[in-house]
Ligand SMILES: Nc1ncnc2c1ncn2[C@@H]1O[C@H](COP(=O)(O)OP(=O)(O)OP(=O)(O)O)[C@@H](O)[C@H]1O
Ligand SMILES: [Mg+2]
């Protein structure tokens with residue numbers, strides 16, 4: 001604790017860490033197969049001051065990964081390093097981590113101000129500093145008017161805002177970890193708080209790691225998103241990386257609404273065979289022969305006049321008006337292809353044949369679910 005206080009004074013409160021993981025975790029002893037692991041072997045680095053999200057469906061291992069980083073959980077294999085120091089067996093306190101959970105963790109008998117001040121009091125920060133910092137955080141969370149109210153009487157939303165505030169009040173932490181912190185918050189406030197967190201990240205330059213299963217939440221909050229499925233981190237990237245070049249078919253499916261189209265194709269002699277039609281590869285593109293999946297986002301499928309080079313005829317099955325655009329579904333070799341069209345596109349009807357261009361600069365190919373470079 002003494003060391004922290006000294007550092008706080010010495011470097012103006014900034015005490016973040018570069019977090020390196022090289023580990024795996026199984027809750028059961030003697031794991032043998034992949035499904036025994038909550039986290040399969042992974043190596044990952046979280047840089048100082050970054051805004052990260054861990055994104056994936058329920059049960060994929062997000063909380064396990066977060067708890068391994070905070071020190072609530074010791075991984076069954078491997079290590080956690082902060083700035084090169086091995087902290088694998090250190091507690092969250094010793095690692096200097098703040099963590100915000102899904103449900104409020106606050107003291108009902110204390111006032112809002114006392115709750116916010118608590119993590120600082122524990123660290124023997126001066127009264128003046130505490131008052132200043134509590135004031136700043138309350139203002140950011142728009143709770144300045146409630147500072148002297150007891151927490152007991154507040155709504156669930158307000159209590160969770162206090163939890164967020166307690167996580168953010170110390171500027172000397174290695175990182176602040178959030179585990180789906182906006183679950184109990186109503187949708188409008190959720191949107192506001194998400195923006196607030198982003199703004200706080202800009203102002204305080206803290207390392208923030210945010211768990212969510214909501215892609216919009218992850219992509220708006222984080223600079224780098226870790227996409228997880230079944231204990232595996234399948235891609236780490238910016239919103240653009242995940243959208244433009246999903247490195248795994250899971251990322252293609254999971255990111256976007258709807259997700260990427262995938263079609264089974266065969267690469268043969270420099271051509272791609274889709275449903276008995278041979279399509280030429282884009283200039284400069286080469287592929288080894290074999291069975292592949294072609295991935296193309298609905299946004300990048302183009303409708304083209306019949307007879308255009310590489311045009312593939314497909315049958316329209318449905319056209320939905322989704323407000324800002326139209327979503328056309330078409331059948332192709334027993335699969336559904338989604339095509340995003342502008343609202344003023346020609347009025348296609350189910351049963352019509354249209355021609356699509358699948359091969360473009362945004363088209364990706366996958367072998368064993370992994371992208372082919
Ligand atoms: N304490 C535990 N003991 C045994 N198995 C656990 C424990 N905690 C989690 N698991 C299992 O580990 C896997 C990953 O769980 P984890 O809670 O990390 O997922 P998650 O991505 O956070 O899910 P959610 O979105 O539902 O919170 C799941 O199969 C889960 O059942
Ligand atoms: Mg969880």
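Descriptive notes on the structure:
- One Cα centroid belongs to the stretch 338-373, the other to the stretch 241-277; the line between them spans 10 Å.
- Computed E for residue 282/residue 253 - FRET, C-beta separation, R0 22 angstrom, nearest 0.05: 0.40
- Its DSSP H runs of at least 4 residues, each contributing -39,500 (n - 2.57), put the calculated 222 nm mean residue ellipticity of the chain at -7500 deg cm²/dmol, to the nearest 500.
- Expressed to the nearest 5 percent, the antiparallel share of DSSP beta bridges inside the stretch 137-258 is 55 percent.
- The mean sequence distance of close C-alpha pairs (under 8 Å, at least 6 residues apart), as a share of the length of the stretch 2-249, puts its relative contact order at 28 percent.
- Once the Cα atoms are used to define both axes, helix 156-168 deviates from the longest principal axis of the chain by about 80 degrees.
- Principal semi-axes of the equivalent ellipsoid, √(5λ) from the alpha carbon gyration tensor of the stretch 259-371, are 25, 14, 13 Å from largest down.
- Estimated FRET transfer efficiency (residue 370, residue 299; beta-carbon r; R0 22 Å; 0.05): 0.45
- Between 160, 129, 99, the residue with the greatest mean-square fluctuation in the GNM of the chain (Cα pairs under 10 Å linked by springs) is 129.
- Folded to 0 to 90 degrees: helix 127-140 orientation relative to the chain principal axis, Cα: 30 degrees
- Peptides 144-151, 254-261 ordered by average Cβ neighbours within 10 Å, highest first: 254-261, 144-151
Read the figures in this text as sums done on the coordinates, not as results from a lab. The shown structure was predicted, so the numbers you read here are calculated from the model rather than taken from an experiment. A quick note on method: Cβ atoms are made from the backbone with ideal geometry, for glycine too, and the neighbour counts reach across all protein chains shown.
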